[in-house]
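Working notes, beginning with the structure itself.
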Amino acid sequence: VAHDVLESSANSTIHAIVSIENVFKMFDRDFLNIWNKEGVRLKINSKTIWSSPQDVSFVGKSYEREMRVMPTGFTIPNTIMMYGEKVAVFSHFDEHHLFAFVVESKEYRMSMEALFELLWNQSTTPI
């Protein structure tokens, strides 16, 4: 699913809600570094809401991204990525239970993006 996000997003912007607490359990730093480099090559931008501030300088050169941090006390345990006419959801319960799925629907993407924008407007810019 992570590769589909890249393959379907060249020259466009990904909108993402990222559960920092779980994303580093799902993907190791090597994978994230490779994924980021591929994003740079494909000229992908991102607009991302993180569950908490996080230093991601380990990924090196980054693609163009805007980042904000969720309001205090707000929790979304999944990582949700919106791209093209798709919405991908990554879920991590523990080291043995990881799953992801993709919904391909223009209407669903529009609904999720409206919710994203509502949360974006309530989130803060990281320091």
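The values are calculated or read from the model by the stated rules, or taken from the named source; none is laboratory data. Note that the structure is a prediction, hence the values are computed from the model and not measured. Here the Cβ positions follow ideal geometry from the backbone for every residue, glycine too, while neighbour counts run over all protein chains shown. Areas reflect the complete protein model, heavy atoms only, side chains present, ligands, DNA and RNA absent. Shrake-Rupley method; radii C 1.70, N 1.55, O 1.52, S 1.80 Å.
For segment 60-72, the count of residues that are at pLDDT 70 or above, within 14 Å of the chain's Cα centre (by Cα) and in a loop (DSSP other than H, G, I, E, B) is at least one.
Here is the figure for segment 11-27: residues that are of a type outside the set (A, V, I, L, M), under 10 Å from the mean Cα position of the chain (by Cα) and modelled with pLDDT under 80 total 0. If the condition is being out of contact with any Asp or Glu (no Cβ under 8 Å at 6 or more places or on another chain) and surrounded by 12 or more Cβ atoms within 10 Å (Cβ to Cβ), then segment 88-98 contributes Val89, Phe90, Ser91, His92, Leu98. Restricting the first member to segment 99-115 and to residues that are farther than 10 Å from Val87 by Cβ, and the second to residues that are exposed (fewer than 14 other Cβ atoms within 10 Å of the Cβ), the beta-carbon pairs closer than 6 Å and six or more apart or on different chains are Ala100/Val1. Regarding segment 87-110, can at least one residue be identified that is closer than 17 Å to Ser12 by Cα and β-branched (Val, Ile, Thr)? Within segment 87-110, one or more residues are closer than 17 Å to Ser12 by Cα and β-branched (Val, Ile, Thr).
The set of residues from segment 1-14 being within 17 Å of Glu117 (Cα to Cα) and crowded, with 18+ Cβ neighbours inside 10 Å comprises just one member, Ile14. Would segment 101-120 turn up any residue that is aromatic (Phe, Trp, Tyr), closer than 20 Å to Leu6 by Cβ, open to solvent by 70 Å² or more (accessible area, probe 1.4 Å) and modelled with pLDDT of 85 or more? Yes, segment 101-120 contains at least one residue that is aromatic (Phe, Trp, Tyr), closer than 20 Å to Leu6 by Cβ, open to solvent by 70 Å² or more (accessible area, probe 1.4 Å) and modelled with pLDDT of 85 or more.
Which of the residues that make up segment 15-34 are over 19 Å from His92 (Cβ atoms) and open to solvent by less than 50 Å² (accessible area, probe 1.4 Å)?
His15, Asn33
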